[in-house]
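**Q** Got a structure for you, written out below as structure tokens; questions coming shortly.
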Amino acid sequence: MCEEAKMRICHLLDLPWEDVLVPHILCYLPLQQLISLQRVSRQFHSLVQVCLANCRTFDLSPLGLCIPKEAFCSMLKDSKVLQSLSLQNCSDWVTDKELLPVVGQNEHLQRVDMSGCVCLTRQSLVAVSLSCMHLQHLGLAHCEWVDSLSLRSLADHCGGLQSIDLTACRQLKDDAICYLAKKCLKLTSLSVAVNANVTDDSVEEVAKNCRGLEHLDLTGCLRVRNQSIRTVAEYCPKLQSLKVNHCHNVTESSLDPLRKRNVVIDVEPPLQRALVLLQDVLGFAPFINLQI
């Protein structure tokens, strides 16, 4: 091959990495393919590391991938511009030791999902609250290590929070939920489901302070009654959905005004439930004139 022809050959890795390959090619590859690509050669491994360092979203859940601890640390060791971090596929093993460095160097995080991460402690939530001042969405479902002190730290430092999932965070009581509601006035979505400590006091405080609330999950909050649901109806005109399944003290008298506003409620009206039961017994749907 002549010298002129050799001069015209350009290999992929010869292109500028940070100016061309990362923003115009690798950014379109799914994370799973990036992981595979870094096994091709040392140069590709280095290229993928550069790409991961500029990655704004880290979420393996759509891929169903469970990565080992060492891979997690290696992939995120240089990351400093993350905006979204999901730990769902790392929930069985991730601890404060792995998470704290990632949180500490990614102050632009807006969305963090730690749901089901049973090996973390309150230290991780405090670190998120201190480092991620722009946090808007936080998932803490089934994190029973979340306590009042760590939630108060979050409320004090992340006033722009828009959604938080506290499902089955059973250490939390009314005082912590009320404090959160008074500090995070922009909340549009809140779940305090599966927590027998939650009463009307915290639900009413949320309603009165978070007037833009759109989604509220009270599933299994056994101490919630009609009084707080009426307060939600009065103070939250933007409410779109309400979950009160297994809230045995919440009746149709408080839910009916919300139904008339087309709020989606996860329990059927009494008549509808009766028809379903009757259908199960008879084996067919009876005709009943509801206009009588």
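**Q** In the structure displayed, which of Lys69/Lys186; Lys208/Lys260; Lys80/Lys243; Lys77/Lys186; Lys183/Lys238 lie more than 27 Å apart, Cα to Cα?
**A** Violating the 27 Å Cα-Cα cut-off are Lys69/Lys186; Lys80/Lys243; Lys77/Lys186.
**Q** At 1.4 Å probe radius, can you tell me the per residue accessible area of the chain in Å²?
**A** Each residue of the chain exposes 53 Å² on average to a 1.4 Å probe.
**Q** Starting from the amide H of Asp113, placed 1.01 Å from N in the peptide plane, find each other amide H under 5 Å away whose residue is 5 or more places distant or on another chain.
**A** So Asp113 has HN proximity to Leu85, Ser86, Leu87, Gly139.
**Q** What dipole magnitude, in Debye to the nearest 20, does the stretch 57-268 give about its Cα centre under +1 on Lys/Arg Cβ and -1 on Asp/Glu Cβ?
**A** That gives the stretch 57-268 a dipole magnitude of about 420 debye.
**Q** Before rounding to the nearest 500, sum -39500 (n - 2.57) across all DSSP H runs of length at least 4 in the chain and divide by the residue total; then give [θ] at 222 nm in deg cm²/dmol.
**A** -11000 deg cm²/dmol
**Q** What spacing in nm lies between the two simple spin-label points modelled at Val50 and His246, each 7 Å away from Cα in the Cβ direction?
**A** Label-label distance for Val50 and His246, simple model: 5.2 nm.
**Q** Using +1 at the Cβ of each Lys and Arg and -1 at the Cβ of each Asp and Glu in the chain, identify which of Trp145, Phe58, Leu190 lies farthest towards the dipole's positive end.
**A** Among Trp145, Phe58, Leu190, the one farthest towards the positive end of the dipole of the chain is Leu190.
**Q** Then there is this: Quick check: at a probe of 1.4 Å, how many percent of the accessible area of the chain sits on carbon and sulfur atoms?
**A** It is 53 percent, rounded to a whole number.
**Q** Quote the charge dipole size of the stretch 12-80 about the Cα centre in Debye, to the nearest 20; the model charges only the Cβ of Lys and Arg (+1) and of Asp and Glu (-1).
**A** 220
**Q** Normalised by the residues of the chain, what does the relative contact order come to in percent, with Cα pairs under 8 Å and at least six apart?
**A** Reported relative contact order: 8 percent.
**Q** Describe numerically, in nm with one decimal, the distance between label points set 7 Å from Cα along Cα→Cβ at Val20 and at Asp175.
**A** Once both label points are built, they end up 6.2 nm from each other.
**Q** Multiply the residue gap between Asn226 and Asp92 by 0.36 nm, knock off their C-alpha separation, and tell me the result in nm, one decimal place.
**A** 44.4 nm
**Q** Of Ser36, Gln240, Leu161, whose Cα points farthest to the positive end of the dipole of the chain (charges on the beta-carbon: +1 Lys, Arg; -1 Asp, Glu; origin at the Cα centre)?
**A** The residue sitting farthest along the positive end of the dipole is Gln240.
The values are calculated or read from the model by the stated rules, or taken from the named source; none is laboratory data. All values reported here derive from a predicted model rather than from experimental measurement. All Cβ positions, glycine included, derive from the backbone under ideal geometry; neighbour counts span all protein chains shown. Side chains included, ligands, DNA and RNA excluded: accessible areas come from the protein's heavy atoms. Shrake-Rupley method; radii C 1.70, N 1.55, O 1.52, S 1.80 Å.
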